[in-house]
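The values are calculated or read from the model by the stated rules, or taken from the named source; none is laboratory data. Everything numeric here is computed off the predicted structure, so don't read it as measured data. Here the Cβ is made from the backbone with ideal geometry for all residues, glycine too, and neighbour counts use every protein chain on show.
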């Protein structure tokens, strides 16, 4: 998976400052996953949000314009991802995608879950057998229109 040179600079500045996504969430009042999407150029920040991010990362004002541009969404290559964590999400969709689709259709009807009117939260759930990753996706249901 290729990461843009701009994202590399943003992440390097974040690391150099010792700032976490949770720290940035507190600063901006936006979810840490959304902030990560901004740094990976998959979401766009407002001018004010971009300015706060750039200042927190100790970067020049030229990054404000970059972070406020409308992104070209979708950064995965068209091949099967090889990063183990990202691959597991691919595997989950391969195994459970059709069952999830069937359950959504049964509960809501023929339609999709929006990825625009959408939130995604990542939580750590402590467990004596090994901590758990809890991913919560919440998207508006959009029924297919008949005409």
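Give me the residue from the range 29-51 that is surrounded by 19 or more Cβ atoms within 10 Å (Cβ to Cβ) and more than 16 Å from the chain's Cα centre (by Cα) and, out of that set, farthest from residue 121 (Cα to Cα). Across the range 29-51, the extreme among qualifying residues is 50. Report yes if residue 103 is in contact with a strand residue (DSSP E or B) (Cβ under 9 Å, 6 or more places away or on another chain) and surrounded by 10 or more Cβ atoms within 10 Å (Cβ to Cβ), otherwise no. For residue 103, the condition - in contact with a strand residue (DSSP E or B) (Cβ under 9 Å, 6 or more places away or on another chain) and surrounded by 10 or more Cβ atoms within 10 Å (Cβ to Cβ) - is not met.
Considering only residues that are more than 20 Å from residue 12 (Cβ to Cβ), free of Cβ contacts under 8 Å to residues at least 24 places away in the same chain and touching a helix residue (DSSP H, G or I) at 6+ places or on another chain (Cβ under 9 Å), which ones fall in the range 50-91? Within the range 50-91, 80 is the sole residue that qualifies. In this structure, residue 42 does not qualify as in contact with a helix residue (DSSP H, G or I) (Cβ under 9 Å, 6 or more places away or on another chain), over 28 Å from residue 140 (Cβ atoms) and without any contact (Cβ under 8 Å) to a residue 60 or more places away in the chain. Filter the range 52-74 for residues that are under 19 Å from the mean Cα position of the chain (by Cα), at negative phi and surrounded by fewer than 16 Cβ atoms within 10 Å (Cβ to Cβ) and give the result. Scanning the range 52-74 gives 69, 70, 71, 72, 73. For the range 69-110, a tally of residues being part of a helix (DSSP H, G or I) and under 23 Å from residue 36 (Cα atoms) returns 10.
Screening the candidates 115, 36 for the property of being in contact with a strand residue (DSSP E or B) (Cβ under 7 Å, 6 or more places away or on another chain), under 26 Å from residue 14 (Cβ atoms) and at pLDDT below 95 yields one hit, 115. Taking the conditions (1) part of a loop (DSSP other than H, G, I, E, B); (2) surrounded by fewer than 10 Cβ atoms within 10 Å (Cβ to Cβ); (3) at pLDDT 95 or above in turn, residue 145 satisfies each one other than (3).
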